[in-house]
Amino acid sequence: MASANPISAVNSPIQVDSEAEFDALISSSSVPVLVDFWASWCGPCKMVAPELDKVASGNAGKLVVAKISTETLPQLAERFQG
């Protein structure tokens, strides 16, 4: 089993642009990854974005906030629907 690579203290959300990038992030992160699935047309998504910025900033080194556009990567969003 490969050990996780440490991710530097990221203090802002990371925009994920591909499934491969997401898979690499979650498999290599030594800290939890909080995922925000969002869409440009989504009002609540826009409202929560500043709060996620605060979460990322206040928890740098403890977790990573990843932002995934459901418009760009709908297949990734579908992967996590329960």
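The values are calculated or read from the model by the stated rules, or taken from the named source; none is laboratory data. Note that the coordinates shown come from a computational prediction; the quantities given were computed from them, not determined experimentally. Ideal geometry is used to build each Cβ from the backbone, glycine not excepted, and the neighbour counts take in all protein chains shown. With ligands, DNA and RNA removed, areas are computed over all heavy atoms of the protein, side chains included. Shrake-Rupley method; radii C 1.70, N 1.55, O 1.52, S 1.80 Å.
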Cβ-Cβ under 7 Å pairs, at least 6 apart or on other chains, the range 18-30 side small (G, A, S), far side surrounded by fewer than 16 Cβ atoms within 10 Å (Cβ to Cβ):
S28/A4; S28/N5; S29/A4; S30/A4; S30/N5; S30/P6
Could you go through the range 44-62 and let me know if any residue there is at negative phi, among the hydroxyl-bearing types (S, T, Y) and either touching a residue at least 60 places away in the same chain (Cβ under 8 Å) or surrounded by 11 or more Cβ atoms within 10 Å (Cβ to Cβ) (or both).
yes
Subset of the range 57-79 (residues that are assigned to a loop (DSSP other than H, G, I, E, B) and of a type in the set (A, V, I, L, M))
A60, L63, L73
Counting just the residues of the range 1-20 that are modelled with pLDDT of 90 or more, in contact with a strand residue (DSSP E or B) (Cβ under 9 Å, 6 or more places away or on another chain) and not in a strand (DSSP E or B), which one comes out surrounded by the most Cβ atoms within 10 Å (Cβ to Cβ)?
P13
I'd like the full set of residues that are open to solvent by less than 60 Å² (accessible area, probe 1.4 Å), of a type in the set (A, V, I, L, M, F, W, C) and under 12 Å from I14 (Cα atoms), limited to the range 26-43.
V33, V35
In this structure, does G82 turn out to be surrounded by 13 or more Cβ atoms within 10 Å (Cβ to Cβ), outside any helix (DSSP H, G or I) and at pLDDT below 95?
no
Residues A66, A49: which one is under 17 Å from Q15 (Cβ atoms), in contact with a strand residue (DSSP E or B) (Cβ under 7 Å, 6 or more places away or on another chain) and of a type in the set (G, A, S)?
A66
